Amino acid sequence: MKHMTRAALSAALLLSGLAAGRPALAQGYPPPPPGAVIATVPPPPLRVEVAPPPPPGVFVWRPGFWRWDGHGYRWVAGRYIHPPHGHHEWVAGHWDPRPGGHIWVEGFWR
């Protein structure tokens, strides 16, 4: 190991990560955050929802989504939410396929 090049050392570290059961890191995915929801099966297709008329005031429709409860998916119906400021846009949460399952990415205001 005394004469190992930087590229060879990087490759060895990558392979040791694979052997240690870290395929997500080896494929360029960041590690899931602490407490992340990871489902072992893909979610069903999203349901088609028709948003009712909005309540008075400034509200944004947050579409429904599938929530993983540790055993299966449960549908959470869409609803109107109040933006923190009138110009914010809601970016819906979604399931991101990853090696070994799907990880939930929370929705957020942009």
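The values are calculated or read from the model by the stated rules, or taken from the named source; none is laboratory data. Not measured: the values here are computed from a predicted model. Every residue, glycine among them, receives a Cβ derived from its backbone with ideal geometry; neighbour counts consider all protein chains shown.
Remarks
- Checking each residue in region 59-76 for being surrounded by 12 or more Cβ atoms within 10 Å (Cβ to Cβ) and not small (Gly, Ala, Ser) picks out PHE59, VAL60, TRP61, ARG62, PRO63, PHE65, TRP66, ARG67, TRP68, TYR73, TRP75, VAL76.
- Enumeration of residues in region 64-91 that are within 13 Å of the chain's Cα centre (by Cα) and either within 13 Å of PRO43 (Cα to Cα) or modelled with pLDDT under 95 (or both): PHE65, TRP66, ARG67, TRP68
- Positions within region 48-67 being of a type in the set (A, V, I, L, M, F, W, C) and not in a strand (DSSP E or B), in sequence order: VAL48, VAL50, ALA51, VAL58, PHE59
- Within region 68-87, the set of residues being free of Cβ contacts under 8 Å to residues at least 24 places away in the same chain and either within 21 Å of GLY35 (Cα to Cα) or part of a loop (DSSP other than H, G, I, E, B) (or both) comprises ASP69, GLY70, HIS71, GLY72, ARG74, VAL76, HIS85, HIS87.
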